[in-house]
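The values are calculated or read from the model by the stated rules, or taken from the named source; none is laboratory data. The shown structure was predicted, so the numbers you read here are calculated from the model rather than taken from an experiment. No Cβ is skipped: glycine too gets one built from the backbone with ideal geometry, and neighbour counts run over all protein chains shown.
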Amino acid sequence: MATNHSTQQPSTINPKALEGKKAVVTGGTIGMGQAVVRALTDRGAEVVYTGRNEHRLTEAQAALGTQLAHPVRSDATDMAAIAALRDQVADILGGIDYLFVNQGIAEFQTLEEVTEDSWDRIFEVNAKGSFFTVQRLAPLVSEGGSIVFTTVSNDQIFPGLSAYSGAKEAVAAFAKVLAAELLPRNIRVNAIAPGFILTPTMGVADLTDEQRSEFVEQGNAATPMGRGGTVEEVAAAALYLAVEATFTTGLELPVDGGFGQGIGG
Ligand SMILES: NC(=O)c1ccc[n+]([C@@H]2O[C@H](COP(=O)([O-])OP(=O)(O)OC[C@H]3O[C@@H](n4cnc5c(N)ncnc54)[C@H](OP(=O)(O)O)[C@@H]3O)[C@@H](O)[C@H]2O)c1
């Protein structure tokens, strides 16, 4: 049933479309975060991006190959690191036009397997880290700027992802409530909700290559479009919300090949 649709498009990128714009992407070293960084720098924006792993930061910087991208090692679960990130962003960029809060991690655990430690781990990176990143960085976001969270296409149930799904639902709530709170500053707040996306990790901690292949097959079968999404497709949706959707705020936009839309597979 999987149809391999081509996602190749002729390049229409204007390398100066976002010249002079400043952006921050948390969790920008691999997968969709890196694709967002690339989409921004390809259009001339200057970007600070984060991750915890020094090796991944170095690899990302080599892959991006542009001085418009600034890697900063920062752990979103560490309040002091979030405060330091605010200062680093102020030093490097001055202000922020677009803030993408993308870091996250899933762990497959059944009801019986979830422990207090695993619960805290999941909520700290996905929910608490996302909230306090915005709390600390929002003062740097300019009037007319915008914030985009990464949640997950949650309208279909995933057994084994209760803690992760709950943490991402919290992030979806932040997108709505903070959209209201930041309205007076003319800052829009939205979220992208990816389905199965073909990233190195598929968003799941410690997947073996074999487990990843199985997960990709499950995704192909469960997604009405019959395939996983590409990181470029997610980045396009994230940039649309951040840059072009100037009359849209408080929205969680599915980027899921129809997965969460009840349209059948
Ligand atoms: N892939 C999917 O199918 C899928 C589907 C739905 C939603 N999502 C969500 O989409 C986002 C991106 O997923 P992905 O699959 O592209 O990549 P990922 O493997 O989930 O990694 C995302 C990025 O987050 C960083 N990160 C993880 N923990 C961090 C922390 N505590 N502080 C700072 N950075 C941290 C990672 O770098 P380091 O490890 O170096 O820190 C990496 O750069 C995540 O929020 C994920 O939950 C993914």
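Only a single criterion out of (1) under 19 Å from residue 236 (Cβ atoms); (2) more than 20 Å from the chain's Cα centre (by Cα); (3) of a type in the set (S, T, N, Q) is not satisfied by residue 34, namely (2). Considering region 17-94, the qualifying helices (runs of 4 or more DSSP H), each wholly inside and each with 2 or more residues that are under 25 Å from residue 139 (Cα atoms) and touching a Leu at 6+ places or on another chain (Cβ under 8 Å), run over 31-42, 79-92.
For (1) under 20 Å from residue 233 (Cα atoms); (2) in a strand (DSSP E or B); (3) in contact with a Gly (Cβ under 8 Å, 6 or more places away or on another chain); (4) aliphatic (A, V, I, L, M), each residue gets a yes or a no:
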{"position": "178", "(1), (2), (3), (4)": "no, no, no, yes"}
{"position": "202", "(1), (2), (3), (4)": "yes, no, yes, yes"}
{"position": "210", "(1), (2), (3), (4)": "no, no, no, no"}
{"position": "215", "(1), (2), (3), (4)": "yes, no, no, no"}
{"position": "218", "(1), (2), (3), (4)": "yes, no, no, no"}
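Residues checked against (1) exposed (fewer than 15 other Cβ atoms within 10 Å of the Cβ); (2) touching a helix residue (DSSP H, G or I) at 6+ places or on another chain (Cβ under 8 Å); (3) among the small types (Gly, Ala, Ser):
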{"residue": "73", "(1), (2), (3)": "no, yes, no"}
{"residue": "86", "(1), (2), (3)": "no, yes, no"}
{"residue": "95", "(1), (2), (3)": "yes, yes, yes"}
{"residue": "121", "(1), (2), (3)": "no, no, no"}
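Restricting attention to region 180-200, which residues are in a strand (DSSP E or B) and either among the small types (Gly, Ala, Ser) or loosely packed, with under 15 Cβ neighbours inside 10 Å (or both)? Correct list: 191, 193.
Of all residues in region 128-152, those being surrounded by fewer than 21 Cβ atoms within 10 Å (Cβ to Cβ) and among the small types (Gly, Ala, Ser) number 3. Against the conditions (1) within 11 Å of the ligand (Cβ to nearest atom); (2) at pLDDT 95 or above; (3) under 15 Å from residue 103 (Cα atoms); (4) not aromatic (Phe, Trp, Tyr), residue 172 satisfies every one except (1).
In a residue-by-residue description of region 179-195, the property of being small (Gly, Ala, Ser) and out of contact with any strand residue (DSSP E or B) (no Cβ under 8 Å at 6 or more places or on another chain) applies to at least one position.
Look through region 221-231, keep the residues that are in a helix (DSSP H, G or I) and within 12 Å of the ligand (Cβ to nearest atom), and return whichever of them is nearest to residue 121 (Cα to Cα). Here the residue is 231. For region 75-105, filtering for residues that are under 19 Å from residue 201 (Cβ atoms) and at pLDDT 95 or above leaves 8. Can you spot a residue in region 62-82 that is without any contact (Cβ under 8 Å) to a residue 40 or more places away in the chain and among the basic types (Lys, Arg)? Yes, some residue in region 62-82 is without any contact (Cβ under 8 Å) to a residue 40 or more places away in the chain and among the basic types (Lys, Arg). Here region 95-128 is the region considered, the condition is being in a loop (DSSP other than H, G, I, E, B) and under 21 Å from the mean Cα position of the chain (by Cα), and the residue that is nearest to residue 18 (Cα to Cα) is 95. Restricting attention to region 234-250, the residues that are within 23 Å of residue 164 (Cα to Cα), out of contact with any Pro (no Cβ under 6 Å at 6 or more places or on another chain) and in a helix (DSSP H, G or I) total 3. Of the set (1) within 12 Å of the ligand (Cβ to nearest atom); (2) of a type in the set (Val, Ile, Thr); (3) surrounded by fewer than 18 Cβ atoms within 10 Å (Cβ to Cβ), all apply to residue 114 but (1). Take the residues in region 159-169 that are in contact with a Ser or Thr (Cβ under 8 Å, 6 or more places away or on another chain) and assigned to a helix (DSSP H, G or I), then tell me which one is nearest to residue 110 (Cα to Cα). So, considering only residues that are in contact with a Ser or Thr (Cβ under 8 Å, 6 or more places away or on another chain) and assigned to a helix (DSSP H, G or I), the one nearest to residue 110 (Cα to Cα) is 163.
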